[in-house]
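Working notes for the structure below.
The values are calculated or read from the model by the stated rules, or taken from the named source; none is laboratory data. In this text the structure is predicted, and so the values were computed from the model without any measurement. Every residue, glycine among them, receives a Cβ derived from its backbone with ideal geometry; neighbour counts consider all protein chains shown. All accessible areas refer to the heavy atoms of the entire protein, side chains included, with ligands and DNA or RNA removed. Shrake-Rupley method; radii C 1.70, N 1.55, O 1.52, S 1.80 Å.
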Amino acid sequence: MKQFIPAALLLLTFTPSIFAASNVEQMVNDIEPQVIKWRHHLHQNPELSNREFETAKYITKHLKSLGLEVQTGVAITGVVAVLDSGKPGPVVALRADIDGLPVLEQNDLPWKSTKRGELEGNDVPVMHACGHDTHVAMLMGAAEILVNMKSELRGKVKFIFQPAEEGAPRGEKGGAQMMVEEGVLKNPDVDVIFGLHISADTDVGKIRYKEGGSMAAVDPFKIVIKGKQAHGAYPWLSVDPITTAAQIIMSLQTIVSREIKLIDEAAVVTIGSIHGGNRSNIIPSEVELVGTIRTLNKAAREHMYEALPRKVKGIADSMRAEVEVTLPLDYYYPITYNDPALTEKMVPTLIKSAGRENVIYSKPVTGAEDFSFFQEKVPGLYMWVGGKPLDVPEDQAPVHHTPEFYVDDSGMKTGVKLLTDLTLDYMNQH
């Protein structure tokens, strides 16, 4: 695998920017207190996916105050604004996700969330347990800086505040896929898109990146095994879907261990749900398995789509059972794929934003991001920005999507500068 960081460290591909780095640094320092204030407000007022109505109003008010023309209601609650420099040049898109999660916050903060929401008819707590509040605040800050630099820009900047990254409620559409379908990358046509995610286990001030597959594709699936019901005392009268299910579950792991070239990239098959039967002495007629596939390259993903039904059907046939395989189940996420040429070109900007000692070439992760839907259409680069306080050991950092999740306010300064620098440098290069 080609690794770009050594070349970047030598700055072999760096073109000096026409924009004074000291000016950007000063503007980032000046706006940091306001970015923190926005973040605290957003953290105290989280909203669930496709229900980010007040969040959208808050973003819209700020963008309109900058004199931008704002489009609302994109993919239900999304907000989009375009900054037109009035000069020819590329269209650079910057994206932030805006939704919270059904998590009860346990942190003792003056700005902790006590909000409630409704999820599938249930009253639930709501928390920004993945840092989307910081993403919104960082992009609001970058937008203000770029508007103030309008006379020096070339081209256009499209600010995309995306709802439902965590997944639309059951029975609804949403997120990046819906935004793409509604034409968010058109009018004006986007040339390149940048996005970032705060990281609770990466030190404040650091940036992590990887070219190619950086986060996994997500492909949920369902397997329904149909057998013949019988008394548990007379199993020979049954076609046992539970025994069949057990063999299928174990066999699916051999796709990863014996069919996927793991020296290239990791892959995962997980069964997360099993339903079947209701008494100890009755062999049921049906068992349902629900699981997820995670892959980091196209070849592995295509192989999984072929191999899983093959394995399942072969075992079911041998057990005299019938099976139905649904893949993908009700949604999917593509691979979060950082365009290699774009990544190589922009690594010097990462170094300029954070310092070469703070730019880390990262391993891929089997988590997922619907930013990948944008990257299917235009070249994109997605990075991690550190949010862990320096005095907290990495192994003690709170995990994303948990009640204890926490990232430090000081981590947002790097994100604001990075989004600004990426826009300016890409425009300078094109």
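Annotations
- Chymotrypsin sites (Phe, Trp or Tyr not before Pro) restricted to the stretch 85-174 and DSSP loop, no more than 16 other C-beta within 10 Å: Trp111
- With every protein chain in place, the chain: carbon and sulfur % of accessible area (1.4 Å): 51
- Percentage, to the nearest whole number, of Cα pairs in the stretch 79-146 over 14 Å apart: 68
- Remark on the stretch 154-251: ratio of C-alpha radius of gyration to 2.2 N^0.38 Å is 1.88.
- Pairs of Lys residues in the stretch 87-188 that lie 8 or more places apart, or on two chains, and have C-alpha atoms under 27 angstrom apart add up to 11.
- Per principal axis, descending, Cα span of the stretch 294-430 in whole Å: 62, 41, 24
- The calculated 222 nm mean residue ellipticity attributable to helices in the chain amounts to -10500 deg cm²/dmol, summing -39500 (n - 2.57) over DSSP H runs of n ≥ 4 and dividing by all residues.
- Diffusion coefficient (Stokes-Einstein, Kirkwood radius over C-alpha pairs, 20 °C, 1.002 mPa s) for the stretch 79-218: 124 µm²/s, rounded to a whole number.
- Rotationally averaged projected area of the stretch 309-359 (alpha carbon convex hull; nm²): 6.9
- Column: log10 I(q)/I(0), Debye, Cα scatterers of the chain, q = 0.06, 0.08, 0.14 Å⁻¹: -0.29, -0.49, -1.27
- Heavy-atom surface of the chain, accessible at 1.4 Å and reported per residue (Å²): 43
- Positive dipole terminus of the stretch 32-148, leading residue within Leu119, His40, Cys130 (C-beta point charges): His40
- Dipole magnitude for the chain: computed about the Cα centre from +1 point charges on Lys and Arg Cβ and -1 point charges on Asp and Glu Cβ, it is near 640 debye.
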